[in-house]
1. Any residue at all in region 165-176 that is surrounded by fewer than 17 Cβ atoms within 10 Å (Cβ to Cβ) and either part of a strand (DSSP E or B) or among the β-branched types (Val, Ile, Thr) (or both)?
2. Filter region 97-109 for residues that are in contact with a strand residue (DSSP E or B) (Cβ under 8 Å, 6 or more places away or on another chain) and in a loop (DSSP other than H, G, I, E, B); which is surrounded by the fewest Cβ atoms within 10 Å (Cβ to Cβ)?
3. Output the residues belonging to region 23-50 that are closer than 22 Å to SER71 by Cα and not in a loop (DSSP other than H, G, I, E, B).
4. Pairs please, first residue from region 77-105 and closer than 20 Å to SER33 by Cα, second anywhere and part of a loop (DSSP other than H, G, I, E, B) and at pLDDT below 95, Cβ atoms under 6 Å, 6+ apart in sequence or on different chains.
5. In region 78-96, is there at least one residue being loosely packed, with under 15 Cβ neighbours inside 10 Å, in a strand (DSSP E or B) and charged (D, E, K, R)?
6. I want to confirm something. Restricting to region 110-137 and keeping residues that are surrounded by 15 or more Cβ atoms within 10 Å (Cβ to Cβ) and without any contact (Cβ under 8 Å) to a residue 40 or more places away in the chain, which single residue is nearest to the chain's Cα centre (by Cα)?
7. Out of region 127-146, which residues are of a type in the set (D, E, K, R) and assigned to a strand (DSSP E or B)?
Amino acid sequence: MKELYNQIFCYVPENEQEENDKRIMLTYLSLFSNALTRENEMFHVTTSAWIVNPERTKVLMIYHNIYNSWSWVGGHADGNANLREVIQKEIAEETGVTKMKFLSKDIFGLSIQTVKAHWKNGKYVSAHLHYDLQFLVEVSEKEEIRMKPDENKGVGWLEIDTLLDKVEEEHMKPIYEKLMKKVKRLKI
């Protein structure tokens, strides 16, 4: 957990949202020893991937069953502080892609997201927060993709210029827009 805390501490925020979220994350991660697990019912650490094609013109996304929207790939840390490991597993599970390249060893973005109360696998899950850390990943469009029916209704490459038109979660649009702008500035 100390290494993860240090990664967040060293992260340079992109904007005011990230500055505030970083400050809150560092405060509460230091107070709760179970932040990496869902045992912490108020908040827990998750990770997401902003998956781009080599040309940086498309993003690989899933149509999420719970959110009924096109969404990035991601998941819960479930006790694993190595979030790069976690996101590799999530990408493989949710899209079928196993060949990927991290474009940086560092965190690419961070945000605190609200999760509405919902039912999952027949169990009620109360509203809570995700302390989400994002990574930038490159995948070839030639890689075979597939759905994971218990989590998503679709997997596809969305044009970066029209992506926001397909996202139904209004609160996620500013986060995706921030990541799109950040990708456009990169010289990778």
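1. Checking region 165-176: not a single residue is surrounded by fewer than 17 Cβ atoms within 10 Å (Cβ to Cβ) and either part of a strand (DSSP E or B) or among the β-branched types (Val, Ile, Thr) (or both).
2. Ranking the qualifying residues of region 97-109, first place goes to SER104.
3. PHE43, HIS44, VAL45, THR46, THR47, SER48, ALA49, TRP50
4. ALA81/MET1
5. No, region 78-96 contains no residue that is loosely packed, with under 15 Cβ neighbours inside 10 Å, in a strand (DSSP E or B) and charged (D, E, K, R).
6. VAL115
7. Passing the criteria: ASP132, GLU138.
To keep it simple, each residue is scored yes or no on (1) among the hydroxyl-bearing types (Ser, Thr, Tyr); (2) in contact with a helix residue (DSSP H, G or I) (Cβ under 9 Å, 6 or more places away or on another chain); (3) closer than 25 Å to ILE145 by Cβ.
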{"site": "ALA49", "(1), (2), (3)": "no, yes, yes"}
{"site": "GLY96", "(1), (2), (3)": "no, no, yes"}
{"site": "SER104", "(1), (2), (3)": "yes, no, yes"}
{"site": "THR114", "(1), (2), (3)": "yes, yes, no"}
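The values are calculated or read from the model by the stated rules, or taken from the named source; none is laboratory data. The shown structure was predicted, so the numbers you read here are calculated from the model rather than taken from an experiment. When we count neighbours, we look across all protein chains shown, and the Cβ atoms used for this are built from the backbone with ideal geometry, even at glycine.
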